[in-house]
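Colleague: The structure follows.
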Amino acid sequence: MKKLSLKNIALALSLTFSSASVLASDTSNATTSIWEVSNGKDVVYVGGTIHILPISEFPLPKAFSTTYEKSDTLVFEVELPDPADLATQQKIMAAVAYKNGQSLKDELSEETYSALNTYVSAFGATADQLASFKPGMVASMLVTMEAQRNQLAGDGVDAYFTQLAKRDDKSREYLETLDFQIQMMANMGEGEEDRFIAETLTTLPELKKLLTQTIEAWRTGDTEQINEYVIEKFKRESPASFDEVFTQRNVNWVPQIEAMFGDEDQEFVLVGAGHLVGDGNVLKLLEKKDTRFNNYSATTMPLYLTPSHYNNLAWPLILLASSEYGCSPRIVSIKDTSFSVAITFTRIS
């Protein structure tokens, strides 16, 4: 198998980037993953999202549709990079790759490295081909590959509403810069590389069950389950990274959300729902600021498929096949309707 190219890895990054936090809700009596946060007479809507959501999980709970319709501005964690922007992809690559001859292999035990090689061999790859990347990037690729194998991969709620906001010409704002998230990805698992990769590999066989349970908890607003599936699990698997990925970011977002009160825009803030559960979550931090909360009930909303959905369709096969045969996938046609997205790939010699 040929060495993975920049375009191949850029495709993987477009699917996995910003997937550190997934899931939903806050109070045990919640019925969906959106809150009306009020300060006096002003309101900001805060919604928990899932960054990996298969198309089969659409339509979304109706509360997402109704909140979107009444909102002027959509606020996301970060503006995701365009896979066609090679300069940005090269910047990401430089951050998530080792330098000066370093290798992930040097940080892993023989047992963990062998287990990694065994897992990726099912996709026609080898551990040596991934060893130039830092643990956060490798773990993200592994999770996305397993999700795709179980037909659970797909652009999440964030990507869906990004496309709708573009279509409807609604304002979009962001809580973080791309540089911040690039560095977060680069730092993830640092200092605990063997534990981080070993725990990820251990989790993969149960990923289908975990994602299915998590999605159901997100749809129904079962915050206790989401806290267990996401926050407590992350603490167990990567305690050194938890503070950077969750705690610090929650604290950083609160002043930005507070600043949304008192203007004329109606904001709809969409963040990974893991940030809305557990100790020190965004809602609890806002509550300390004398804000009030109302939770929405859940039904369903109409289904709209957007061109962004192509990003997650059978990507491991595309990634590995293009590397094996020296070709690059290119979208040459997309048919966007309310029921289907038709995609054609062309081999580029």
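The values are calculated or read from the model by the stated rules, or taken from the named source; none is laboratory data. Note that the coordinates shown come from a computational prediction; the quantities given were computed from them, not determined experimentally. Neighbour counts run over all protein chains shown; Cβ positions are idealised from the backbone, glycine included. Side chains included, ligands, DNA and RNA excluded: accessible areas come from the protein's heavy atoms. Shrake-Rupley method; radii C 1.70, N 1.55, O 1.52, S 1.80 Å.
Colleague: Is it the case that some residue within segment 232-251 is modelled with pLDDT of 95 or more, under 21 Å from T67 (Cα atoms) and not polar (S, T, N, Q)?
Modeller: Checking segment 232-251: not a single residue is modelled with pLDDT of 95 or more, under 21 Å from T67 (Cα atoms) and not polar (S, T, N, Q).
Colleague: Could you say which residue among T223, T202, T214 is under 21 Å from T247 (Cβ atoms), of a type in the set (S, T, Y) and at pLDDT 90 or above? Before you say what the answer is, go through the steps one by one.
Modeller: Values: T223 fails: at pLDDT 90 or above; T202 fails: under 21 Å from T247 (Cβ atoms).
Being under 21 Å from T247 (Cβ atoms), of a type in the set (S, T, Y) and at pLDDT 90 or above holds for just one of T223, T202, T214, which is T214.
Colleague: A follow-up question, please. Given the conditions (1) out of contact with any helix residue (DSSP H, G or I) (no Cβ under 7 Å at 6 or more places or on another chain); (2) exposed (fewer than 15 other Cβ atoms within 10 Å of the Cβ); (3) of a type outside the set (A, V, I, L, M), and given that T126 satisfies all but one, which numbered condition is not satisfied?
Modeller: (1)
Colleague: Also: With respect to K62, is the statement that it is closer than 20 Å to D168 by Cα, open to solvent by 40 Å² or more (accessible area, probe 1.4 Å) and of a type in the set (K, R) true? Please lay out each step first, then the result.
Modeller: On the way: closer than 20 Å to D168 by Cα: yes; open to solvent by 40 Å² or more (accessible area, probe 1.4 Å): yes; of a type in the set (K, R): yes.
So K62 fits the description; yes.
Colleague: Quick check on my filter: what residues within segment 241-272 are hydrophobic (A, V, I, L, M, F, W, C) and over 13 Å from M184 (Cβ atoms)?
Modeller: Let us first name the residues in segment 241-272 that are hydrophobic (A, V, I, L, M, F, W, C), namely 242, 245-246, 251, 253-254, 257, 259-261, 268-271.
V251, W253, V254, I257, A259, M260, F261, F268, V269, L270, V271 - these are the residues of segment 241-272 that are hydrophobic (A, V, I, L, M, F, W, C) and over 13 Å from M184 (Cβ atoms).
Colleague: Sticking with this structure for a sec: Could you go through segment 95-109 and let me know if any residue there is surrounded by fewer than 16 Cβ atoms within 10 Å (Cβ to Cβ) and in a helix (DSSP H, G or I).
Modeller: Yes - at least one qualifying residue is present in segment 95-109.
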